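We did not get these values from a lab; they are worked out from the coordinates using the rules stated. The structure presented is a predicted model; accordingly, all values stated were derived computationally and were not measured. Heads up, the Cβs are rebuilt from the backbone with ideal geometry, glycines too, and the neighbour counts pull from every protein chain shown.
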Amino acid sequence: QTGRVDKNHPLVTGHTAPVLDIDWCPHNDNVIASASEDTTVMVWQIPDYVPVRNITEPVVTLEGHSKRVSIISWHPTARNVLLSAGCDNLVILWNVGTGEMLLALDDMHTDLIYNVGWNRNGSLLVTTCKDKKVRVIDPRKQRIIAEKTKPHDGTRPIRAIFVADGKIFTTGFSRMSERQLGLWDLNNFEEPIALQEMDTSNGVLLPFYDADSSIVYLCGKGDSSIRYFEITDEAPYVHYLNTYSSKEPQRGMGFMPKRGLDVSKCEIARFFKLHERKCEPIVMTVPRKSDLFQDDLYPDTPGPEPALEADEWLSGKDAEPILISLRDGYVPIKNRELKVVKKNILDSKPPPGPRRSHSTCDSDFSQPALEEVLEEIRALKEMVQAQEKRISDLENKLGQFTNGTD
């Protein structure tokens, strides 16, 4: 049956507690990151074929949070840069390619972080917090460059994302518990460009932004509808377009990158709606009579190639996303393996910010003994990698046999 997964279907099962957030890598369609209540972030390589058993070994495990990790987000233009935010009020930036912590943004949030979003070129972050503040942060300077207290007067959670021209779009609640949306200019953060009231539902509105069409889609937790608005330079600045309605409420929502859409069907957005026991694709199309490629619907859009390496971004460089045309449809790049090159921990400097570790190092532990342990770990890792490669080769062979018998 379409959409139904066999109960024995293999899973990704590496965390020891519930997974709280996932994010597909924008530069590698086979790589996904997961954040968990077990305080770790794990990065996984998903094969093109269906594996025969659960995937239990991540490519890399990132440890640095002292409490559960509820948010992860890949950098939009730099290769292997991943952000995580935890209930320790800490934001950490990682280089997944080395497993290193690049930056720790501490002492910026006084309470639980609700959400984090990058701007288009990944030079700034916007965050919302239980302390009712929206902050715009330059992560490399570790500095808050703009801050707005109570953009919405209500007590319920706020969400914020960057939209075109560096403006910020927020959702929240009024003092009377009505759901609101707001549009803000960083140069004048005191007054909103637009502030609109929606309804009195109590579900937090999750915003998804399509930069190609300047459309914001609002999906409320527990709602059974998706509302969408166009953001323009003319009053009222946020223009209501339409509402998609269904019968069943959504528990969560995923958003397909533009390059994954079917241009031959004039598909402009695809959501993956999470129900209690299923995941439902929701396709949005624009009716057109012509079968020709619709240039106005599909301007060049960010492709899978990163514009920067992690160390270039960390050193202060910025770059816009590398765009691709969808005229002939998107042809996925064949599975690229994510390679993690761990640096020798004896050579590395401690990461900026506080060290958060569950273990302590005994000062009586001699240098030769430490190097011996590290050497043994390295040898064991090589042995494990060799076995993993052998298993992967055998699974590929099995996949070929299976495909041959279809």
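Which of 272, 80, 394 sits closest to the plus end of the dipole of the chain, meaning its Cα is farthest towards the positive end, when Lys and Arg get +1 and Asp and Glu get -1 on the C-beta?
About the Cα centre, the residue reaching furthest to the positive side is 272.
Magnitude of the Cβ-charge dipole of the stretch 226-347, K/R +1 and D/E -1, about the Cα centre, nearest 20 debye?
820
Residue by residue, what Karplus-based ³J(HN,Hα) values in Hz, rounded to whole numbers, does the stretch 41-53 have, using 6.51, -1.76 and 1.60 with θ = phi - 60° and x for Gly and Pro?
10, 10, 10, 10, 9, 9, x, 5, 8, 7, x, 8, 9
Quickly rank 207-214, 324-331 as a protection proxy: mean count of other C-beta atoms within 10 Å, highest first.
207-214, 324-331
Return the lysines within reach of residue 334: Cα separation strictly under 30 angstrom, same-chain partners fewer than 8 residues apart disregarded; answer none if there are no such residues.
Straight-distance partners of residue 334: 7, 258, 265, 273, 278, 317, 342, 343, 381, 389, 397.
Pick out, in residue order, every one of the GluC sites (Glu not before Pro) in the stretch 156-208 that is DSSP loop and has at most 13 other C-beta atoms within 10 Å; say none if there are none.
190
According to a simple spin-label model (label point 7 Å from Cα along Cα-to-Cβ), what is the distance in nm between residue 398 and residue 334?
Inter-label distance under the simple model: 2.3 nm.
Could you rank the peptides 180-189, 294-303 by their average count of other C-beta atoms within 10 Å per residue, with the highest value first?
Top of the packing list down: 180-189, 294-303.
Going toward the positive end of the dipole of the chain, with +1 on Lys and Arg Cβ and -1 on Asp and Glu Cβ, which of 22, 188, 136 do you reach last?
Farthest along the dipole direction, towards plus: 22.
Which FRET efficiency, nearest 0.05, do residue 324 and residue 50 yield, Cβ-Cβ r, R0 25 Å?
0.35
With a 10 Å radius around each residue's Cβ, average the other Cβ atoms per peptide and rank 132-139, 5-12, 257-264, highest first.
Packing proxy ranking, top to bottom: 132-139, 257-264, 5-12.
Of 61, 333, 207, which is farthest on the positive side of the dipole of the chain, counting Cα position, with +1 on Lys and Arg Cβ, -1 on Asp and Glu Cβ, and the Cα centre as origin?
Checking the options against the dipole of the chain, the answer is 207.
Would you grab the residues whose amide H sits under 5 Å from the one on residue 255? Only those 5+ places off in sequence or on another chain, please, with H modelled 1.01 Å from N.
272
Gain in length, residue 272 to residue 383, computed as 0.36 nm per residue apart minus the alpha-carbon separation, to one decimal in nm?
Gain on stretching residue 272 to residue 383: 36.0 nm.
Could you work out the relative contact order of the chain, using alpha carbon pairs under 8 angstrom and six or more residues apart, expressed as a whole percent?
On the way: 838 pairs, mean separation 49.5, N = 406.
Relative contact order comes out at 12 percent.
Under the rule of -39500 (n - 2.57) per DSSP H run of 4 or more residues, summed and divided by the residues of the chain, what mean residue ellipticity at 222 nm is obtained, to the nearest 500 deg cm²/dmol?
After summing the helix terms and dividing by residue count, I get -4000 deg cm²/dmol.
What percent antiparallel are the DSSP beta bridges of the stretch 5-105, to the nearest 5?
95
Could you work out the relative contact order of the stretch 45-91, using alpha carbon pairs under 8 angstrom and six or more residues apart, expressed as a whole percent?
Contact order relative to length: 29 percent.
Quick one: give the max-minus-min coordinate of the C-alpha atoms of the chain along each principal axis, largest first, in Å.
Its Cα atoms span 69, 58, 39 Å along the three principal axes.
Read phi for every residue in the stretch 152-165 and hand back ³J(HN,Hα) as whole Hz from Karplus 6.51 cos²θ - 1.76 cosθ + 1.60, θ = phi - 60°, with x for Gly and Pro.
After applying 6.51 cos²θ - 1.76 cosθ + 1.60, I find 10, 6, x, 8, 6, x, 10, 10, 9, 9, 7, 10, 4, 6 Hz.
Would you please give the residues with an amide H less than 5 Å from that of residue 269, counting only those at least 5 places away or on a separate chain, with H modeled from the backbone geometry?
Answer set, sorted by chain and number: 284.
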